[in-house]
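**Q** Got a structure for you, written out below as structure tokens; questions coming shortly.
Values in this text are rule-based calculations from the coordinates and carry no lab data. Only a predicted model underlies this, so the values are computations on that prediction, with no experimental measurement involved. All Cβ positions, glycine included, derive from the backbone under ideal geometry; neighbour counts span all protein chains shown.
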Amino acid sequence: MSEWLVLAVAMAAACAVVVIVAVVRDRTAPEDDDPSETPDVIEYMTMMIGVVYAIVLGLAIAGVWEARSGAHEYVRAESHALHEISERVRAYPPDARDRIRDDVNAYVGHVVTTEWKSMAEHGRTTERGDRLFERIRADVTDYEPGSDFEAQAYQPLLDQVTAADEARSARAGSIEPTMPGVVWFGLIAGAVVTVGMIFTLQIRRTGRELLLAGLFSILIAFLLFLIWDFDEPYVRGAEESLAPFLQLFPGVKG
């Protein structure tokens, strides 16, 4: 299901529930019900619950955004290190240069076509990806420079291999969702309580009040969708995550 369709359904459902409950409550209210009798303490509690939930939502959004940015940075660092390896080996003889470049391209092709799917479906990298990367490491570390010019390029190549290895390990460690299940329970329960507190203020079936209640519920649904969408950057928004690999290695199709 498309992410935008999920967002539209969530917002429409939240708005519809609030409007239906408000209409049913208004029709079933006793004739002597006076909406002006809302106690001041309830207004204060409603305000405080809204403030506390807004803080929780803000912290959750900041957390998933930071995790998403970090995940994209790991991919960018890995792809740039691999690209530097492909470029710096021009100092090597043609046979060694072509072998290293072929192994880098094979690794990148596996990452964008197979490993990314494994990360999304199974939450882990692949053993073949590990083997392909080890082949790149072996190609670079086992080569014996035959001239001073090649020797000058050897250590920077080792540094790039180390950088790519660290970025790959960090990418593997950032696959799991940022928000644990207990946090999602709190976010959803808080949304229900926050929206439900609207009805303690004796909301009536006037167009203005229904409009405000619907917009408020849509806002809550949108913020929860935002957290859900940012929670797994390698699953949702995979094209954006893969962009550094595809830009630096245009011959590889994801």
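**Q** Relative contact order, percent, of the range 114-191 when contacts are C-alpha pairs under 8 Å separated by at least 6 residues?
**A** On the way: 22 pairs, mean separation 23.1, N = 78.
Result for the range 114-191 is 30 percent.
**Q** Spelling out what I want: for every residue of the range 70-81, take phi, set θ = phi - 60°, compute 6.51 cos²θ - 1.76 cosθ + 1.60 (Karplus), and round to whole Hz; glycine and proline get x.
**A** Values per residue, Gly and Pro as x: x, 5, 5, 5, 4, 5, 4, 5, 5, 5, 5, 5 Hz.
**Q** For the ranges 143-151, 128-136, 46-54, 75-83, what's the packing order if you count other beta-carbon atoms within 10 Å of each residue, average per peptide, and put the highest first? Walk me through the numbers on the way to the answer.
**A** Values: 143-151: 12.1, 128-136: 16.7, 46-54: 14.3, 75-83: 21.0.
With the highest mean Cβ count within 10 Å placed first, the list reads 75-83, 128-136, 46-54, 143-151.
**Q** Could I ask something else about it? Calculate, in nm to one decimal, what A16 and D159 gain on full extension: separation in residues at 0.36 nm each, minus their alpha carbon distance.
**A** Values: separation 143, 0.36 × 143 = 51.48 nm, distance 5.70 nm.
Here the segment from A16 to D159 would lengthen by 45.8 nm.
**Q** Considering the options S169, V140, V195, tell which one lies farthest towards the positive end of the dipole of the range 113-213, charges being +1 on Lys and Arg and -1 on Asp and Glu at the Cβ, about the Cα centre.
**A** My answer, from the dipole projection, is V195.
**Q** What are the ³J(HN,Hα) couplings of the range 222-231, residue after residue, when phi is run through the Karplus curve with 6.51, -1.76, 1.60 and θ = phi - 60°? Round to Hz, x for glycine and proline.
**A** 5, 5, 5, 4, 4, 5, 4, 5, 7, 5
**Q** So if I place +1 on the C-beta of Lys and Arg and -1 on the C-beta of Asp and Glu, and nothing else carries charge, what would the dipole magnitude of the range 117-254 be about its Cα centre? I want it in debye, nearest 20.
**A** Values: 13 positive and 19 negative charges, 241 e Å.
Computed charge dipole of the range 117-254: roughly 1160 debye.
**Q** Also, I was wondering about something else. Going by how many other beta carbons lie within 10 Å of each one, how would you line up V193, V252, fewest first? Spell out each step's value before the answer.
**A** Details: V193 13, V252 18.
Exposure proxy ranking, most exposed first: V193, V252.
**Q** Give, in nm to one decimal, the length gained when the segment between E144 and E166 is fully stretched (0.36 nm per residue of separation minus the Cα-Cα distance). Kindly include the intermediate steps, with their values, before the conclusion.
**A** Working: separation 22, 0.36 × 22 = 7.92 nm, distance 2.40 nm.
This chain segment gains 5.5 nm when fully extended.
**Q** Can you work out ³J(HN,Hα) from phi for every residue in the range 64-69, in order, using Karplus 6.51 cos²θ - 1.76 cosθ + 1.60 and θ = phi - 60°, giving whole Hz and x for Gly and Pro?
**A** Each residue's phi maps through the Karplus curve to give 6, 5, 5, 5, 5, 5 Hz.
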